[in-house]
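Participant: Just passing along the structure, written as C-alpha cells.
The values are calculated or read from the model by the stated rules, or taken from the named source; none is laboratory data. All of these numbers come straight from a predicted model, not from anything done at the bench. Every residue, glycine among them, receives a Cβ derived from its backbone with ideal geometry; neighbour counts consider all protein chains shown. The accessibility values were calculated without ligands, DNA or RNA, using every heavy atom of the protein model including side chains. Shrake-Rupley method; radii C 1.70, N 1.55, O 1.52, S 1.80 Å.
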Amino acid sequence: MARNLGFLFLILSLAICQAAIFEPVSDKHRSAALHLFRPVDGSFGSLEESYESLRTFEILGVKKFDVSQSTCPLVVKTLEASPPCSKDLFDALRVNRILRCEVEADIFEKIASKLQTGIREASSLLDFYYGVGSLGLIKEQSPETNVQLSDASTTFHSIKSLSQSDGRWLFSFGSVESSTYAAGLALETLAGVISLASSELDQSMIGTVKSDIVKLFDSTERYDDGSLYFDDKLLDTHGHQGPISTTSAVVRGVTSFSAVISGKLNLPGDKILGLARFFLGIGVPGNAKDLFTQIDSVACLEDNKISIPLILSLPATVLSLTKKDQLKVKVNTVLGSSAPPLTVKLVQAFSSDKEITVLENQKLNFDPESSDHSLDILSSNIDIGKYIFSFRVVLHEPENKKIYATGGQTRVPIFVTGFINVDSSEISILDSDLGSIETKQKLDLSGKTSLSLSANHLQKLSLHFELTTPHGNSFHPHQVLLKLSHESKVDHVFLVGNSGRHFEILLDFLGLVEKFYYLSGKYDMQLTVGDVAMENSFLIALGHVELDLPQAPEKAPRPPPQPVDPSSIYGPKQEIIHIFRATEKRPPQELSLAFLGLTVLPFLAFLIGLVRLGVNLKNFPSSALPATFALLFHCGIAAVLSLYLLFWLKLDLFTTLKALGFLGIFLLFVGHRTLSHLASMSTKLKSA
C-alpha cells in the first residue's frame, strides 16, 4: 500500500508561506504572555519587570494574577525613598498607575516638588526623560497635585538643544555620537513637557521638532516584505539598542508627540504601516522583554493621530482543491480590532514559477458574521501550484482614508494543493539487442503492487507513467525517484526524467554492472513521487527484480561497507546467568553466645583489677594546663576503644589503621605532657 507523505509536505509548505504573512495580535500572544510572565512567590520581580508584565496583561486584556499584596509595599517604599529623576521612581509610578496602590497624597506632593527642582537641574536626556515622565504619571494618578512646569519653554529648549541635524538626539551635552534610540526618548519627553506646560509653548519650536521627525524617518531601513524599522549604530555607556528596542522607542515618542500637538505630523501612512508590519513580523517572541516591547509598540500604533495601520491577514495560505477550500482574508487593526467598512479586491494572481496571470480584478465577498472576505477559487482556472496573490484594501468612507493606512497592494504567497492523477503506469523488461519487449506488466500506483521480474545484464528495465492535475495539465513533482535495493542492503537511487506529463526511466543493466558491483540476486524496487502541492504523494514498493549479472573481474570495485547497526553495539547485552556459592553452615546460636561471653571476660577482669589495685584520682593534676592534657589523654584512650568498637561493627582494616595512626600521635603528645607533669610533681615531693 502506498504511504501518504502529503502531511509532511503540507507542514513544510505552511512554514514557507508564513514567512511573508503578517497577523495581528491574537490568542497566541496571550498564551505566550501567561507563559513568560509568571509570578514567583506572588511577585514578578523588580519594578521594571512588574510593569512590563502588568502592562502586557493590560493591553492584551488578561486578568490572571493579582500581585498587589507583594508589589504595593515595594512601590510605596520606592516612592518614599528614591531620589528625583531616577529610573526606580519612574518604574514605581508606572506600576502604581496600573495597580492603584494606596499612596498618601502628601507623598505625591513631595515627589512632584522634588521632580520640578530636578528637571531644572537636569544635565542629561535620561534625567529629563525620567523626571518629566514621572510628573506625567503623577498628573494621571493624583489630579489635585500641582505638576505644572512654570518654565516649560526653558525645559523644552534644553531638550531640543540635544537634537542633531539628521533627526537623531544626543544622550547628554558632552556626547559626541547621536542616537536614534535617544531620539525616541527625547520625543516622548517633549510630549510630556507640552502636556505639563502651564502656558502654551511657542509653535515655532514645535514646528522645528516636526521637521526633525520627518528627517528621522528618512533613516528608516526596509525589509523585502515592506516592513520598516530603525537601527541604532551607537555603542556607548548606554549599550547597543537593537532594532526592536530602537524602533519601539521611536514609535512611543512619535505617537506621544503627535497626541499632544495640534494638527498632524507630515508622515506617510505607509511608513506607519511598515513599522506595524515590523513588529507583527516578529511573530510571537520567545522572551519576556521582546514580547512586552512588541505589545507596547503595537498598542501605541493601535490608536494614534498620525495613521492607524490596517493589517491584511489570511487564516490559511494552503488551499486544497480536493476539499474545495475558499480563499479567506481578514482585515483588522494591529491588536485585532474590527476594521471600518471596506472592500478587499484581488488585483492579480499569478504563478510564481511561470509568472502567468491566472486571475485578476476580483472582488471578495464579505461575511458580516465572521468578518471574512472570501473568494471561490474553484470557479477559476487556478490549478495546483504556488501563486502570488496581490490584494488591495479599499475604504468605503472618504474620511477614513485620512485615519487609516492600508498600504496599497499586499502580495501574499499561496499554495494550492490537490489530488494528482496517475495514469498509464507500466513496467517492462526489454531485450538489449533487438529492443523487443520480453515482459510487460501494468502497475497500480494507487494501491498495493507486488511484481516479480527477472533480467540479465543484456536486458533493460523500463518504467513509464503519467501525472496530471485535476484540470488535466501536466504536473512536475519535486521528487520522482526509483530505488533498487540489493538483498545485501546496497542501495541505488535513480532520478526519473519526464517530458511533459510523461515520466519514464530506462535502466540498461549492461552499463550498470560496475555500479551494481556485479552483485547478482534479488533487488527490491521502490518508487517515490512527492511534492508540497501533491496531496497523494506516495512511496510505494513495486516488488523485486532478479538480476543475473556476470562474475566480477579481479580489479572490479567492491561494495561499500555497510553501516553497523548501533543497536548491536549499544543495545542490551545477553543476560549473564550465574549461580552463587551456597551459604556455609554456621555454628549454633548457643555456641556463638558462649564465645561472646568469653570475649567479655578479659574486660571484666580488667575492671576487677582496677578495683583491687585501688585506682583513684588523687594524683590528677589540679592546675589548668596539666589538667587539660590529662583530660585529653583519657579522651584519647576512650577514642581508641571506640575505634576498636567501630572496627568490630563497620570499619575496614585500612580505615581503622589510618585513624589509629592519628590517634596514636595525639596520645603520644598529650600522654608525654601528662606523665612529665606527674614526674616533676613526684620529684618535688621527694625533695621536700
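Participant: Does Arg581 satisfy the condition of being open to solvent by 100 Å² or more (accessible area, probe 1.4 Å), in a helix (DSSP H, G or I) and modelled with pLDDT under 85?
Facilitator: no
Participant: Can I ask one more? Hey, could you check segment 94-110 for residues that are free of Cβ contacts under 8 Å to residues at least 40 places away in the same chain and assigned to a helix (DSSP H, G or I) and say which is surrounded by the fewest Cβ atoms within 10 Å (Cβ to Cβ)?
Facilitator: Checking each candidate, the answer is Asp106.
Participant: Scan segment 417-441 for residues that are in a strand (DSSP E or B) and of a type in the set (Gly, Ala, Ser) and jot them down.
Facilitator: Listed by number, the residues that qualify are Gly418, Ser424, Ser425, Ser428.
Participant: Can you give me the number of residues within segment 336-369 that are open to solvent by 40 Å² or more (accessible area, probe 1.4 Å) and under 25 Å from Leu301 (Cβ atoms)?
Facilitator: 5
Participant: For residues in segment 62-78 being without any contact (Cβ under 8 Å) to a residue 24 or more places away in the chain and in a loop (DSSP other than H, G, I, E, B), which is most open to solvent (accessible area, probe 1.4 Å)? Outline the logic, then answer.
Facilitator: First, the residues of segment 62-78 that are without any contact (Cβ under 8 Å) to a residue 24 or more places away in the chain: 63, 66, 73, 77.
Now drop any that are not in a loop (DSSP other than H, G, I, E, B), which leaves 63, 66.
Details: Lys63: 203, Asp66: 126 Å².
Of everything passing the filter in segment 62-78, Lys63 is most open to solvent (accessible area, probe 1.4 Å).
Participant: Among Ser165, Ser113, Ser158, which is the only one that is part of a loop (DSSP other than H, G, I, E, B), open to solvent by 30 Å² or more (accessible area, probe 1.4 Å) and polar (S, T, N, Q)?
Facilitator: Ser165
Participant: Taking the criterion of being open to solvent by 50 Å² or more (accessible area, probe 1.4 Å) and outside any loop (DSSP other than H, G, I, E, B), would at least one residue in segment 544-559 satisfy it?
Facilitator: Scanning segment 544-559, I find at least one residue that is open to solvent by 50 Å² or more (accessible area, probe 1.4 Å) and outside any loop (DSSP other than H, G, I, E, B), so the answer is yes.
Participant: Checking Asp91 against (1) in contact with an Asp or Glu (Cβ under 6 Å, 6 or more places away or on another chain); (2) in a loop (DSSP other than H, G, I, E, B), only one condition comes out false. Which one?
Facilitator: Failed condition: (2).
Participant: Need at least 3 residues that are more than 37 Å from the chain's Cα centre (by Cα) per element, so show me which strands (runs of 3 or more DSSP E) inside segment 339-416 make the cut, counting only ones lying wholly within it.
Facilitator: 357-363
Participant: Also: Within the set of pairs 6+ apart or on separate chains, which have a first residue in segment 218-230 that is touching a residue at least 12 places away in the same chain (Cβ under 8 Å), a second that is surrounded by 15 or more Cβ atoms within 10 Å (Cβ to Cβ) and polar (S, T, N, Q), and C-beta atoms under 6 Å apart?
Facilitator: Taking only residues 6 or more apart or on different chains, the pairs are Leu228/Thr220; Tyr229/Thr247; Phe230/Thr180; Phe230/Thr246; Phe230/Thr247.
Participant: Here is a follow-up. On the given criteria, is Lys460 in contact with a helix residue (DSSP H, G or I) (Cβ under 8 Å, 6 or more places away or on another chain), among the charged types (D, E, K, R) and surrounded by 15 or more Cβ atoms within 10 Å (Cβ to Cβ)?
Facilitator: So Lys460 fits the description; yes.
Participant: Right, something else. Collect the residues in segment 488-525 that are open to solvent by less than 80 Å² (accessible area, probe 1.4 Å), assigned to a helix (DSSP H, G or I) and touching a strand residue (DSSP E or B) at 6+ places or on another chain (Cβ under 9 Å), keeping them in residue-number order.
Facilitator: Correct list: Phe509, Leu512.
Participant: Can I ask one more? So which residues in segment 116-131 are of a type in the set (Gly, Ala, Ser) and assigned to a helix (DSSP H, G or I), if there are any at all?
Facilitator: Gly118, Gly131 - these are the residues of segment 116-131 that are of a type in the set (Gly, Ala, Ser) and assigned to a helix (DSSP H, G or I).
Participant: In segment 373-389, which residues are surrounded by fewer than 18 Cβ atoms within 10 Å (Cβ to Cβ) and in contact with a Lys or Arg (Cβ under 9 Å, 6 or more places away or on another chain)?
Facilitator: Ser374, Asp376, Leu378, Ile388
Participant: Another question, if that's okay. Quick one: would you say Ala81 is of a type in the set (A, V, I, L, M), in contact (Cβ under 8 Å) with a residue 24 or more places away in the chain and open to solvent by 50 Å² or more (accessible area, probe 1.4 Å)?
Facilitator: Numbers: of a type in the set (A, V, I, L, M): yes; in contact (Cβ under 8 Å) with a residue 24 or more places away in the chain: no; open to solvent by 50 Å² or more (accessible area, probe 1.4 Å): yes.
It is false that Ala81 is of a type in the set (A, V, I, L, M), in contact (Cβ under 8 Å) with a residue 24 or more places away in the chain and open to solvent by 50 Å² or more (accessible area, probe 1.4 Å).
Participant: Of all residues in segment 460-479, count the ones that are touching a residue at least 60 places away in the same chain (Cβ under 8 Å), part of a loop (DSSP other than H, G, I, E, B) and over 41 Å from the mean Cα position of the chain (by Cα).
Facilitator: The qualifying residues number 2.
Participant: Next up: Out of everything in segment 417-452 that is hydroxyl-bearing (Ser, Thr, Tyr) and open to solvent by less than 40 Å² (accessible area, probe 1.4 Å), what residue ends up being farthest from the chain's Cα centre (by Cα)?
Facilitator: Ser432
Participant: How many residues are of a type outside the set (Lys, Arg) and not in a helix (DSSP H, G or I) when one looks only at segment 254-309?
Facilitator: 19
Participant: Within segment 192-204, is there a residue that is in a helix (DSSP H, G or I), touching a Phe, Trp or Tyr at 6+ places or on another chain (Cβ under 6 Å), of a type outside the set (Lys, Arg) and within 30 Å of Glu144 (Cα to Cα)?
Facilitator: The initial filter retains those residues of segment 192-204 that are in a helix (DSSP H, G or I), namely 192-196, 203-204.
If we keep only those that are touching a Phe, Trp or Tyr at 6+ places or on another chain (Cβ under 6 Å) too, we end up with 193.
Adding the requirement that they be of a type outside the set (Lys, Arg) leaves 193.
Next, from what is left, pick out any that are within 30 Å of Glu144 (Cα to Cα): 193.
The answer is yes; a qualifying residue exists.
Participant: Residue check: is Glu466 within 17 Å of Ser428 (Cα to Cα) and of a type in the set (Asp, Glu)?
Facilitator: Details: within 17 Å of Ser428 (Cα to Cα): yes; of a type in the set (Asp, Glu): yes.
Spelling it out, Glu466 is indeed within 17 Å of Ser428 (Cα to Cα) and of a type in the set (Asp, Glu).
Participant: Cβ-Cβ under 7 Å, sequence separation 6+ or interchain: first residue in segment 26-49 and at pLDDT below 95, partner open to solvent by 40 Å² or more (accessible area, probe 1.4 Å) and among the small types (Gly, Ala, Ser). Which pairs?
Facilitator: Note: pairs meeting the criteria are Gly42/Ser70; Ser43/Ser70.
Participant: Looking at the structure I just gave you, is Ile244 open to solvent by 10 Å² or more (accessible area, probe 1.4 Å), touching a Ser or Thr at 6+ places or on another chain (Cβ under 8 Å) and touching a residue at least 40 places away in the same chain (Cβ under 8 Å)?
Facilitator: yes
Participant: Something else now. Across segment 100-132, what is the total count of residues that are within 39 Å of the chain's Cα centre (by Cα) and farther than 18 Å from Ala81 by Cα?
Facilitator: Number satisfying all stated conditions: 7.
Participant: Also, quick follow-up: In segment 310-335, which residues are in contact with a helix residue (DSSP H, G or I) (Cβ under 8 Å, 6 or more places away or on another chain), open to solvent by 10 Å² or more (accessible area, probe 1.4 Å) and part of a loop (DSSP other than H, G, I, E, B)?
Facilitator: Hit for segment 310-335 is Leu335, nothing else.
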